[in-house]
Amino acid sequence: MADASRVEDLRPGDHACLTFSDGEERLDLVAAIVRDGLQSGQRVLCVTDTLSQVALTGELTGRGVALGDATESGQMLVMRTAETFLVDGSFTTQRVVDLLAAQISQAAAEGFSGLCITSDMSWALRPVAGLDQLMNYESRLTDLVAETNATAVCQYDRQSFDTVTLAGVAAHHGFALAAATYHDDAFLRICRQYQPPGIRVSGEIDYRRAEPLTLALTEALALDNHLYLNLGSLDFMDGSIAGVIMQAAASLGPNQRMTVRCQAHAGKVFHALGLPDQSNVTVVVSDDQ
Amino acid sequence: MTNSGRDDHRILDSSNASGSSGASGSSGANGSSGARGSSGAAELELVSLDFEEHNLHGLRQTVTAHAATVLTDDRIDDMALIAVELASNAIRHGGGRGRLRLWTTADAIYCQVTDDGPGFPDSKYPAARRPEPSASGGRGLWLVLHFSDAITVDNDVDGGATVTAMIATGDRTSPSKP
């Protein structure tokens, strides 16, 4: 899983294993997959487990993915685990493969260019009957999408699944997908955020990690005209790090913008240093995740 | 807490710099005491610990926990930042290690960091002006000045420096505030 690919590398026929570290990161990636799927004229089928259909739609909309028309027209479908993987509370490979094959045919019959399926696999963390068929299912799904030119992205929480299951699951996908990561340890995670595009920093950070943050910001500024710096899950930042962000803001080109979302104290530090006074910079304080 | 062994000291009342800190006006820094807290009021030592770079995380947790007993949420984070910045400064410019002390008086909490480095030039606190947006450094010590209600700098005659930062808590001995 080390050399994970990016969302934009997904192609019809791919069966990808998406791993993530927390719910925010998962939703950022799912938002990018849904956005790209809808844009390319595919039907998008999201299978949601922990979030309700309404909550998932709200999360995606909040990340800038316009779903109103797509939901109305049937281009965007959201189904629950209980309607897909766990009908009657148990899992069987054959039933789910049959269901997805029918969905793929139906999408083609209705004129969509294909079907992009992305599933929250958190249900497999619970002791459900039939779970021993999981590897068999992933293997069958690889064949199904390859034959039909559909796209499937299965979402696995790398913090919750045990390493043996993760390794086994990964081996049954042709494609590993994860947020590009600049730093990851017990205290700090710096990764690319896909939708809205930018950088996400969570945990706590001080001068010792200025280098990976500088690299992340430099790469993001080369890609994005509106950089979202998501510090909503960052619990501590020192003056050196505030300085790295100030300097990134000072380097914005005339057509570039930066939005910084952060907790209350980081907001106080940025205000003290004058970050919101800079043109093209918006600081949004929010204490929720 | 005495001034012996110090060849110079300087008290900076930073209330002008701390526009958003909220505690100015509570008369925490009354002239004679400055940030050293040597007014004779009863002191209660909360923490005294030696630190190196790998202790920074624990140092912040410790300061946060103790500051929470006397400060409001907003200012707890100010004190944690002050402690981390002073400790980082000692680690990066003051010989790689230092000692942090935290104590309270009737109306304030003090954070003091001592190191064995070269000391501050002319015993002057180096960050009176806010760094420009494009500046590469200097924000840490400026933030200490901005978020504290007073700062004292001492250069030791044998080398090393001591910086003491104070945040006023209001009079916690008054009967209306048990």
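The table that follows gives values for the structure above.
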item	result
Qualifying position, being within 11 Å of chain A (Cβ to nearest Cβ), within 30 Å of residue A:277 (Cβ to Cβ) and among the β-branched types (Val, Ile, Thr), among B:151, B:82, B:91	B:82
Pair list, Cβ under 9 Å, 6 or more apart: segment A:224-252 residue of a type in the set (Asp, Glu), other residue surrounded by 23 or more Cβ atoms within 10 Å (Cβ to Cβ) and assigned to a strand (DSSP E or B)	A:224/A:198; A:238/A:205
Some residue of segment B:138-156 being over 22 Å from residue B:48 (Cα atoms), surrounded by fewer than 22 Cβ atoms within 10 Å (Cβ to Cβ) and in contact with a helix residue (DSSP H, G or I) (Cβ under 9 Å, 6 or more places away or on another chain)	yes
From the options A:216, A:179, A:266, residue that is part of a helix (DSSP H, G or I), small (Gly, Ala, Ser), touching a Leu at 6+ places or on another chain (Cβ under 8 Å) and crowded, with 21+ Cβ neighbours inside 10 Å	A:266
Test: residue A:74 is of a type in the set (Gly, Ala, Ser), under 26 Å from residue A:11 (Cβ atoms), touching a Gly at 6+ places or on another chain (Cβ under 9 Å) and in contact (Cβ under 8 Å) with a residue 24 or more places away in the chain	no
Qualifying strands (runs of 3 or more DSSP E) (wholly inside segment B:1-107; at least 2 residues being modelled with pLDDT under 95 and basic (Lys, Arg))	B:6-13
Positions within segment A:68-112 being within 22 Å of the chain's Cα centre (by Cα) and β-branched (Val, Ile, Thr), in sequence order	A:71, A:78, A:81, A:84
Residue A:275 being of a type outside the set (Phe, Trp, Tyr), facing chain B (nearest Cβ under 9 Å), within 21 Å of residue B:146 (Cβ to Cβ) and touching a strand residue (DSSP E or B) at 6+ places or on another chain (Cβ under 7 Å)	yes
Hits in segment A:136-165 (condition: within 18 Å of residue A:81 (Cβ to Cβ) and touching a Lys or Arg at 6+ places or on another chain (Cβ under 9 Å))	A:155, A:157
Residues of segment A:125-139 classified as in contact with a Ser or Thr (Cβ under 6 Å, 6 or more places away or on another chain) and in a helix (DSSP H, G or I), total	4
Which listed residue is over 21 Å from residue A:271 (Cβ atoms) and among the acidic types (Asp, Glu), from B:149, B:156	B:156
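The values are calculated or read from the model by the stated rules, or taken from the named source; none is laboratory data. Predicted model only: the values in this text are computed from it and were never measured. Don't worry about glycine lacking a Cβ; one is built from the backbone with ideal geometry, like all the others, and counts go over all protein chains shown.
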